[in-house]
Amino acid sequence: MSEHLPPPQRRASSGFGDPALVFPEFASKQRGLEKVQEEEGEGEDSSYGGKGSFDLSSRFSSPSVSRNGFETPKKTSSLKLPGFREEEETDRSTNSGSFVDREEKRKCPGCFRKCCACTCMFLSIVLIILLLTGLSVNSSVKASLPQVSVTNLRFSRLDYANSSTDLLMNANMKTVLELSNKNDKLLYYSPMKAAVSSENINLGQKRLLGFTQSPGNVTYLSIPTRLRKSKVYDVDATLLRNKEKKLEAVVNVRLSGKLGFDWLGFRIRLPTVIACEDVKQSDVINGLKPMCDVRIFSQ
């Protein structure tokens, strides 16, 4: 069994000649060592890949050295299976598709902004049209509203009846309103509900029939109300009775219904309230005709 000895370290010349000439055994071992080195050199040359070709990376790359001082073998590239190329092509197609998607997403914000701008512009135009239409309708409605005033306010009966525990009131009252249609449109009054009160006391309610008022016409609307044995508070009853004796009663009259008129070929009916608030009996008797407030879109 042949031993492979490490190459002898060269020593500084001490003045002696070649040891191989002096020791024959040493000469045979030296020849065997040179032969082994030549075989290793041929193995390294075979890595060049053939005659006249060599790999610069394999010749000039620094060898990797492990901790124990020996060279570690280089990792060879893993073999590719037959399906690996298909997977690689699939990955490339996926990457190309994702790139196209990214490009489309980059283009989408511009389209989104254009869509938002068109939508906002359309909504703005619609809102402007609705606003102009509302202003036109509102001005036309206000011009078509009648003027209402109180021309008569009189108590024909106002008395009390005492029970064992409560104070009961009986009252008859007549209120007359003057409605003036001073525009050139025909007005349509739906059936209305009238309510009269004074000093927190409900003096009665009346259901009025609907009617039509022609342009330039003045209509007087009579509202008779009555109250029978209604429970009232002593303080309110005393205050109303004292003011009525002096013809200084303060009365509230309220009518609710619908008012209609023609606009651009259409008949429009709007919820309307005629409110005559804090009407003084003395002003009506003196012929001052207190004005009432006509409110649309109200109940």
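The values are calculated or read from the model by the stated rules, or taken from the named source; none is laboratory data. These numbers come from a predicted model, not from an experiment. Glycine gets a Cβ as well: all are built from the backbone with ideal geometry, and neighbour counts include every protein chain shown. Accessible surface areas use protein heavy atoms only, side chains included; no ligands, DNA or RNA. Shrake-Rupley method; radii C 1.70, N 1.55, O 1.52, S 1.80 Å.
Rounded to the nearest percent, how much of the accessible area of the range 146-296 (1.4 Å probe, protein heavy atoms only) is carbon and sulfur? Spell out each step's value before the answer.
On the way: 3950 of 8100 Å².
Carbon plus sulfur share of accessible area: 49 percent.
I need to check one value: relative contact order of the range 114-269, counting alpha carbon pairs closer than 8 Å and at least 6 residues apart, in percent.
Over the range 114-269, the number comes to 23 percent.
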Sort THR238, THR212 from largest to smallest accessible area, using a 1.4 Å probe on the heavy atoms of the protein chains. THR212, THR238
Long-range HN-HN contacts of LEU158 with modeled amide H, under 5 Å: ASN172
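What order do LYS185, LYS142 take when sorted by accessible area (1.4 Å probe), most exposed first?
LYS142, LYS185
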Taking H as built 1.01 Å from N, whose amide H comes closer than 5 Å to the amide H of VAL196, not counting residues under 5 places away? LEU203, GLY204
Residues with amide H under 5 Å from that of ASN152, placed H, sequence gap 5 or more: VAL176
Under the Karplus relation 6.51 cos²θ - 1.76 cosθ + 1.60, θ = phi - 60°, what is the ordered set of whole-Hz ³J(HN,Hα) values for the range 224-237, x standing for Gly and Pro? x, 9, 9, 9, 10, 6, 9, 6, 9, 7, 4, 5, 5, 5
So what J values fall out for the range 171-176 if you push phi through Karplus, 6.51 cos²θ - 1.76 cosθ + 1.60 with θ = phi - 60°, rounded to Hz, Gly and Pro as x? 8, 10, 9, 10, 10, 10
Work out how much length SER124 to SER230 would gain on full extension: take 0.36 nm times their residue separation and subtract the Cα-Cα distance, in nm to one decimal. 32.4 nm
So if R0 is 41 Å, what FRET efficiency would LEU131 and VAL250 give, r being the distance between their Cβ atoms, rounded to the nearest 0.05? 0.50
With every protein chain present, what accessible area does PHE122 have (1.4 Å probe, heavy atoms only), rounded to the nearest 10 Å²? 130 Å²
Whole-number accessible area per residue in Å² for the range 146-296, which is evaluated in the context of all protein chains at 1.4 Å: 54 Å²
Could you go through the range 133-150 in sequence order and give the Karplus-derived ³J(HN,Hα) for each residue, using 6.51 cos²θ - 1.76 cosθ + 1.60 with θ = phi - 60°, rounded to whole Hz, and x for Gly and Pro? 5, x, 5, 5, 5, 5, 5, 5, 5, 4, 5, 8, 5, x, 9, 10, 9, 9
